[in-house]
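The values are calculated or read from the model by the stated rules, or taken from the named source; none is laboratory data. Keep in mind that what you see is a predicted model, and the values were worked out from it rather than measured. Heads up, the Cβs are rebuilt from the backbone with ideal geometry, glycines too, and the neighbour counts pull from every protein chain shown.
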Amino acid sequence: MEFLLASAVGVMTAAGIFLILRRRTFPVILGLSLVTYAVNAFLFATGRLALNAPPVLNKYEDVAYTDPLPQALVLTAIVISFGMTAVIVMIALSAYLTTKNDHIDISVDKKTGEER
Amino acid sequence: MNHWIIAPVVLPAIVAPFIVMVLRHHLDLQRIFSVAGCLGLLGIAATLVAQASTGDIQTYELGNWPAPFGIVLVLDRLSALMVGLTAILALPIVLYAIGSGWDERGQHFHALFQFQLMGVCGAFLTGDAFNLFVFFEVLLIASYGLMTHGGGAVRLKAGVQYVTYNLLGSTLFLFALGTLYAVTGTLNMADLAVRVAQIPAEDTALLRVGAALLLLVFSIKAAVLPLHFWLPSSYANAPFPVAALFAIMTKVGAYAILRVYTLVFGPELDATAGLIAAWMLPAALVTLAVGAIGVLGARQIGRLMAFGVITSMGTLLVAIALFTPEATSAGLYYMMHSTLAAALLFLVADLINNRRGAAIFPTHPMQQSGLIAGLFFIGAIALAGMPPLSGFIGKLLVMDAARESPNYWVVWAVILISSFVVIVGMARAGSQIFWKSHDAEHAPEPADDGEDVMPLPAPPEPQPGLAFASVFALVAGLAALTLFAGPATTYTEGIANQLFAPQTYIDAVLKGESE
């Protein structure tokens, strides 16, 4: 279980960083999503991994429970990263539609120093 | 409980949706409410500064949940100063945006502006590390909208880069917070400070990873070399009034470094003691040097100012990295100065850009050239740290505080040489823009009889009076900071003493636990 989760976080982060270093916006956005998935899984594990344990206290009997705080943090992180991904898709799309290319770099005119 | 503490967050949070939902099609009403919101924020900030100046640390428990279980907002002298600085900065910028017509060039400028203020004030006031992340996101998502305000191909592309960089920074922030939570089991900053000090020395490997990651995240925000790459092209391509507001955003990073590394990972903590001393000071010095070289080499007015911001962040971080109360006090004074100076320079850059474009290259003379040249000169003096303005006092204080450091001669050399390089760079840009444009080869053709002066077209701003008035307000701010340098440094000394005695902060926040 620990090995599975740790390797999943590691592989997703590595793949995400590889994609972020590409030069077109589409793979970069895919890479960002992968990295945010990795961090969500990572946050989930910060409260220690527990199987079959609900994140609530039971006041009638003594049953195992798991730390509820990371689950709340993950929820917040998911919502924020989802919203941010939507924003970057929209900005990248409008940049693509206005410039007719989806390179992430801004090219600079060598003579005038003008950016385009 | 003192409800004033949450007011700087709640007020923009009410004004912004009101502007979006009710006033969407009424630009005049939007402007009135936005300015009223900024005035209200200024009033609230003044109240908070007055309350904090007594030296008491007050807390506001959201939902009345006691810390460390609920989220707390904490008002100490540093938070009050930062909120005050934000409010002072916001008013001239929003007036300038109205006067220059920038808010008409796209939708929702005023709503995004208010959301940005909400995020910035929240980040300064919160006492919870995860809540700090959430407020970072609030200010970032508003800044994405403001950064691409008005559209245009290059601006949108720069926007994609800016969002990508910050999204990656946010992810890193979450990794850091997750690591810290896994080690300590808490995210309340005061509680973190208590728990971190109790961890035995042999178990601190993960803690150090978390502390280093957190430093990286804040360094991205503060544009410390080598994590500054997002800043020049974002600031140069953002609408310049927005870039002027962003002058406070880099300071959010500096504030977070100062807060976390005095409170949680304090100078006495063995596990992370080497982190700041070994990494922060060299990085800050290199930031300062590279910023100065960038000022010298800039070919576009936006980049010139952006690298100017990087030099001022370098100087500020040198002061923070020395980690003594004297240096921190000097750094805070310099921070007030550099925020106002950077905003002033970006507004002047907008005046120049409206008239003759952004290239630092002699073209044609422009309207009100003398006035704008004067303002540029004042801004350049402030940025370079020449007398008589507050930049000189700030740099002098920083250098004086560095005398205690064993490497004081490196700090002095870098600050002095980079100041000189900035002077040369600004002089070069100013003479290209204002003087060379009047040379014979670039001057407009004289009229037939040789005596009629060609009438210059009207200024491009819809309300040039308001635009210039708000620029002069920032100049007045700098002048006031110079004239009242004595009271200002007394106040920053109070802040530094409070920061370097974190036990009062911890007691103020965790009072519920002992009861």
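If you check B:M305 against the conditions, is it assigned to a helix (DSSP H, G or I), of a type in the set (A, V, I, L, M, F, W, C) and closer than 14 Å to B:I320 by Cα? Taking the combined requirement at face value, the residue does not satisfy it. Inspect the range B:91-106 for any residue being within 14 Å of chain A (Cβ to nearest Cβ), closer than 30 Å to B:G302 by Cα and modelled with pLDDT under 95 and give the result as yes or no. Yes, some residue in the range B:91-106 is within 14 Å of chain A (Cβ to nearest Cβ), closer than 30 Å to B:G302 by Cα and modelled with pLDDT under 95. Only a single criterion out of (1) assigned to a helix (DSSP H, G or I); (2) surrounded by fewer than 24 Cβ atoms within 10 Å (Cβ to Cβ); (3) not hydroxyl-bearing (S, T, Y) is not satisfied by B:G314, namely (2). For the range B:104-115, the candidate set comprises residues that are within 21 Å of the chain's Cα centre (by Cα) and farther than 14 Å from B:M147 by Cβ; within that set, the residue that is surrounded by the fewest Cβ atoms within 10 Å (Cβ to Cβ) is B:A111. When B:F392 is tested against (1) within 18 Å of B:F240 (Cβ to Cβ); (2) surrounded by fewer than 21 Cβ atoms within 10 Å (Cβ to Cβ); (3) under 21 Å from the mean Cα position of the chain (by Cα), only condition (1) is not met. Counting only residues that are farther than 14 Å from B:V10 by Cα and within 12 Å of chain A (Cβ to nearest Cβ), the range B:113-145 holds 14 of them. Within the range A:56-76, does at least one residue satisfy the condition of being more than 9 Å from every other protein chain (Cβ to nearest Cβ), out of contact with any helix residue (DSSP H, G or I) (no Cβ under 7 Å at 6 or more places or on another chain) and under 29 Å from B:Q161 (Cα atoms)? There is at least one residue in the range A:56-76 that is more than 9 Å from every other protein chain (Cβ to nearest Cβ), out of contact with any helix residue (DSSP H, G or I) (no Cβ under 7 Å at 6 or more places or on another chain) and under 29 Å from B:Q161 (Cα atoms). Just one residue in the set B:A176, B:A182, B:A158, B:A193 is in contact (Cβ under 8 Å) with a residue 60 or more places away in the chain, part of a helix (DSSP H, G or I) and either more than 9 Å from chain A (Cβ to nearest Cβ) or surrounded by fewer than 24 Cβ atoms within 10 Å (Cβ to Cβ) (or both); that residue is B:A193. Taken over the range A:33-73, the criterion of being closer than 15 Å to B:L177 by Cα and over 11 Å from the mean Cα position of the chain (by Cα) is satisfied by A:L43, A:F44, A:A45, A:T46, A:G47, A:R48, A:L69, A:P70, A:Q71, A:A72, A:L73. Of all the residues in the range B:131-148, those that are surrounded by fewer than 24 Cβ atoms within 10 Å (Cβ to Cβ) and not aliphatic (A, V, I, L, M) number 6.
Restricting attention to the range B:357-389, the residues being surrounded by fewer than 20 Cβ atoms within 10 Å (Cβ to Cβ) and out of contact with any Lys or Arg (no Cβ under 9 Å at 6 or more places or on another chain) number 10. On the basis of being polar (S, T, N, Q) and either on the phi > 0 side of the Ramachandran plot or assigned to a loop (DSSP other than H, G, I, E, B) (or both), does B:T47 make the cut? So B:T47 does not fit the description; no.
The residue that is farthest from B:F175 (Cα to Cα), among those in the range A:65-85 that are surrounded by 15 or more Cβ atoms within 10 Å (Cβ to Cβ) and among the small types (G, A, S), is A:S81. Taking the conditions (1) at the interface with another protein chain (Cβ under 10 Å from one of its Cβ atoms); (2) among the small types (G, A, S); (3) touching a residue at least 12 places away in the same chain (Cβ under 8 Å); (4) surrounded by 18 or more Cβ atoms within 10 Å (Cβ to Cβ) in turn, B:A211 satisfies each one other than (1). Checking A:L4 against (1) away from chain B (no Cβ under 12 Å); (2) surrounded by 13 or more Cβ atoms within 10 Å (Cβ to Cβ); (3) in a helix (DSSP H, G or I); (4) not small (G, A, S), which test does it fail? Condition (2) is where A:L4 drops out. When A:G83 is tested against (1) within 11 Å of chain B (Cβ to nearest Cβ); (2) within 30 Å of B:T184 (Cβ to Cβ); (3) in contact with a Lys or Arg (Cβ under 9 Å, 6 or more places away or on another chain); (4) not hydrophobic (A, V, I, L, M, F, W, C), just one condition goes unmet, and that condition is (3). Looking across the range B:146-155 at every residue that is more than 7 Å from chain A (Cβ to nearest Cβ) and farther than 14 Å from B:F246 by Cα, the one that is nearest to the chain's Cα centre (by Cα) is identified as B:R155. Would a scan of the range B:323-339 turn up a residue that is surrounded by 24 or more Cβ atoms within 10 Å (Cβ to Cβ) and over 23 Å from B:A402 (Cα atoms)? Checking the range B:323-339: not a single residue is surrounded by 24 or more Cβ atoms within 10 Å (Cβ to Cβ) and over 23 Å from B:A402 (Cα atoms). Just one of the numbered conditions (1) more than 8 Å from chain B (Cβ to nearest Cβ); (2) closer than 25 Å to B:G150 by Cα is not true of A:L34: (2). Regarding B:G55, is this residue more than 13 Å from chain A (Cβ to nearest Cβ) and at pLDDT 95 or above? No.
Selection of first residues in the range B:383-410 that are farther than 14 Å from B:P325 by Cβ and of second residues that are in a loop (DSSP other than H, G, I, E, B), restricted to Cβ pairs under 8 Å at least 6 apart or on distinct chains, gives the following pairs, ordered by first then second residue: B:G391/B:G385; B:F392/B:G385; B:F392/B:M386; B:G394/B:G385; B:K395/B:G385. Among the residues of the range A:20-27, is there at least one that is aromatic (F, W, Y), within 30 Å of A:N101 (Cα to Cα) and modelled with pLDDT under 95? Yes, the conditions are met somewhere in the range A:20-27.
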